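Here is the structure we will look at, set down as structure tokens.
Here, each number is a calculation from the coordinates, and none is a lab measurement. Just so it is clear, the model here is predicted, and its values are computed rather than measured.
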């Protein structure tokens with residue numbers, strides 16, 4: 001079992017779908033437009049699933065809980081203790 005950082009419990013193997021194939025064309029503008037639409041679609045699906053799982057307020061909370069800071073510090077709680085020697089609840 002793998003541990004997903006946003007999951008409350010271990011999750012099974014993560015299966016990522018392969019990137020969509022772009023049309024074989026020499027038109028750079030079309031290729032760029034198609035690549036952007038593929039990425040935007042994938043990002044929209046991810047945003048929708050995260051919002052459904054954690055709610056609109058929960059997504060930024062999860063991000064702050066996991067975001068890397070300097071000196072190999074991960075998460076706002078550890079960063080607050082490390083840099084200002086206060087718990088997160090005492091920060092303004």
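What to note about this one:
- Compared with the alpha-carbon gap, the fully stretched path from residue 92 to residue 74 is longer by 4.5 nm at 0.36 nm per residue.
- Only Cα sites of segment 30-90 enter the Debye sum here, all with the same form factor; the resulting log10 I(q)/I(0) across q = 0.12, 0.29 1/Å is -0.48, -1.06, listed in q order.
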